[in-house]
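Derivation of every value follows stated rules applied to the coordinates shown; laboratory data play no part. Bear in mind that the values here come from a model prediction, so they are computed numbers and not experimental data. Neighbour counts are summed over all protein chains in view; Cβ atoms, including those assigned to glycine, are modelled from backbone coordinates with ideal geometry.
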């Protein structure tokens, strides 16, 4: 049967079994079939066009849809710039390797969240070392790089600066595939962060921890965990209770299940609440007296409707008893639902009448009637069930050894490996999100993903050299708390946004904290910490809100409002608004460059006669016709109009657009004076070399005399805080020289000088 | 080469939201589709035009695509078949049976002529002259080595119907190559 190159098609052999002449023709046709390999240039070009089309939002793909600000790029720009930038296609010279392609979703976006992680997706494994060596971001930004398969995650260590054009560049020589193939051109990813005025960042607020419970009675040793009750009160699974006189509580529960509204299982064998010393499941009612719900528990959880609390208590025989009681503590004793001959290590509610629990090996479900159903059993070598996602649909299975635990879909038994996961895993209160520390990588890193999707996103961490533990997540998974142990062994409690990692609050702690818990709303954090007497106490703190946006001090609110409305109108090309906000001698239209992408107010201050002066940068993002950032510098003067209640722009002067010079730029200067001390906070767009900052900053008085000042650079906020003691009243001049350099060694783009006020 | 079905289904779902996933599908199927199109058109420029059209159509329609148990490649081939037919309708006049027969040399065994590239082209020109459905079935079978069931998925026909198309197509090719004289012309 073999003929012409060994081709044999049994289907045609069968079809033409009785017609050999047709089989022969089939063989001829196949032998004559046209053979042509596609031109790789065509293949690359088409791919680029397709992805560009995708990025323009055709079809039903919301992910590809660009925001309204993207319109600034214009159709012609999309046609060229996106193809050249969004899709990065390269033909390798290596004879056996396929084309290297890469794509980044942020390319050409104009409103990227400054907290974003930048992803670059390659189509094949890449030489990670080579890429790490060559990758750069302008303005200079310190980043950590991580990989998920072929996807490169670029995480800014200190987040991106808002309202700033960025360019990620990977040179051609660094674009080396794992096979050794080298791309023939570089990757350039231009994008810009959200076009909002940059916020003067300050250090995240601290947390003020206080011991919970009016009597500070502590808990049973270092045992137990913490959880928040539906009413917001804090609950310890091993809390100690003392009466006011220092005696143990006397409320010995009965064995009756009478108060129970629905659990009907026999109460026989219900363990008493421990009367003394052994701990209880204690509700530290806010503003009230702590009370015991059940005996000390190895696990506890509230029902979704908040009516019940279930716990696993010691049965005295080496196992556990699952009990349930009313969450207000009014039902004593609790109702026994079932026993487990082995200790129960975790439980949660699947619904208001079903509890899912595990001893680490078997996952069972018990309903309020006491009926038990086995849902899943881990194989002998399959690790240990650690925690449940609230709702009981998913569980985290600890690895048998090392790292690489998995997310278990309890209903299907399907397991998804959580890359590098070990013991540090947390679920959101709604069970939808999992956050874990990747302990297989150095430095550690955090990942988060929806439990229903295998699309982990890395979370920015504050210190690449720290180790992380005690992850707690809020109800909807957008806020997390964790413990950060620095190389110096200093421990810090951190509350941060998820997935950006933006710190909301940070507090150094020395109490050997453990068992972190975050309230559903993320507004309270709790932990177990050892007090000065060596007693483990339940501690709690309010989580302050995010840093408030800066309001320039001393600037009348009406002037501030006009200033920002005017600049916004310039960016939008809104001539009507510009006209309405301008005085008769200020020609805003003639002084506003066209096609602006963004602007920011660097500084503003009140002159002696009440006129407000402002320094503004007007920016045109790169486009197909102009690949560099263009910038114009503008000064404005605002004064009250005839009504006296509204400010208008009375003077405007701007430079022509010019290519923005490389190197760091000042993006904001804010001043305040308190108790005779003036503080200037100078924000930069780049990560700076800290050692270069203080020597580059000078403050002059109105006579040009240098004032004594001290400067401290904060890498996280990219701000230099300049402090001048006993500054004279009136305007000061801030001078920053090109001795200031960024982390790449680039000098300040141009010498910077601005006047600042000293009003408090 | 086909992707594992489960993975492919996931990839297609992602491609509805994720340009990178569509790029991955493209990377996997581009060569297959291009070669199929080229085998039908035998002209590089035309093949590139039609291949482009196929993938752009796929991109624009992928949001509505449902696997329905068929591999993604079947859908791409469907688009390809339609695009090729459109191309023929708009650009290529139908050549006559007479002209095909006129250039054939019935005395020469077909297999001896295959090594001749011009002859190879002529054989496939004969396929071009087949009715569209026969042409598609022949190309998918003999140009792409697809299974009858796969061809049925692409053309929306049963396996038996595909057999019939190929059978008729093969006779049509032989007629056009002059290997056999049409029955109606005998005697």
Taking r as the C-beta separation of residue A:185 and residue A:36 and R0 as 25 Å, the FRET efficiency to the nearest 0.05 is 0.40
How many percent of the alpha carbon pairs in segment A:113-198 exceed a separation of 19 Å?
36 percent
Other chains near B:121-131: what is the mean number of their Cβ atoms within 10 Å of each residue's Cβ?
2
Note: A:34-42 gets an average of partner chain Cβ contacts (10 Å, Cβ to Cβ) equal to 6
Once the piece of chain linking residue A:417 and residue A:173 is laid out straight, how much longer is it, given 0.36 nm per residue of separation minus the C-alpha distance between them?
84.4 nm
Residue order, fewest to most surrounding Cβ atoms within 10 angstrom, among A:561, A:662
A:561, A:662
Added length on full extension, which subtracts the Cα-Cα distance from 0.36 nm per residue, residue A:430 to residue A:21:
140.3 nm
State whether segment A:628-739 is rounded, prolate or oblate according to the following rule on the C-alpha gyration tensor (a ≥ b ≥ c being the square roots of its eigenvalues): a/c under 1.5 gives rounded; otherwise a/b larger than b/c gives prolate, and the remaining case gives oblate.
oblate
As a footprinting exposure proxy, order B:54, A:571 by other Cβ within 10 Å, with the fewest listed first.
A:571, B:54
Among A:340-351, A:15-26, what's the highest-first ranking by average C-beta atoms within 10 angstrom per residue?
A:340-351, A:15-26
With a 10 Å radius around each residue's Cβ, average the other Cβ atoms per peptide and rank A:135-141, B:137-143, A:182-188, highest first.
B:137-143, A:135-141, A:182-188
Cβ density ranking, 10 Å radius, fewest first, applied to A:33, A:658, A:354 yields A:658, A:354, A:33
Residue A:463-residue A:371 pseudo-label distance in nm [points 7 Å out on the Cα-to-Cβ vector]:
5.4 nm
Averaged over its residues, how many other protein chain Cβ atoms are within 10 Å of peptide B:11-20's Cβ atoms?
6
Could you give the nm distance between label points at residue A:14 and residue B:27, where each point is 7 Å from its Cα heading toward the beta carbon?
3.7 nm
What shape does segment A:364-413 have by the C-alpha gyration tensor, where a ≥ b ≥ c are the square roots of the eigenvalues, rounded means a/c under 1.5, and otherwise prolate means a/b greater than b/c and oblate the rest?
prolate
Quick calc, residue A:645 & residue A:677: beta-carbon distance into FRET formula, R0 35 Å, rounding 0.05, result 0.60
Residue A:739/residue B:65 FRET efficiency (R0 41 Å; Cβ-Cβ; nearest 0.05):
0.10
Pulled fully out, how much extra length does the chain show between residue A:694 and residue A:572, if you take 0.36 nm times their separation in residues and subtract their Cα-Cα distance?
40.2 nm
How far is it, in nm, from the label point at residue A:352 to the one at residue A:712 when both lie 7 Å from their Cα along the line to the Cβ?
5.3 nm
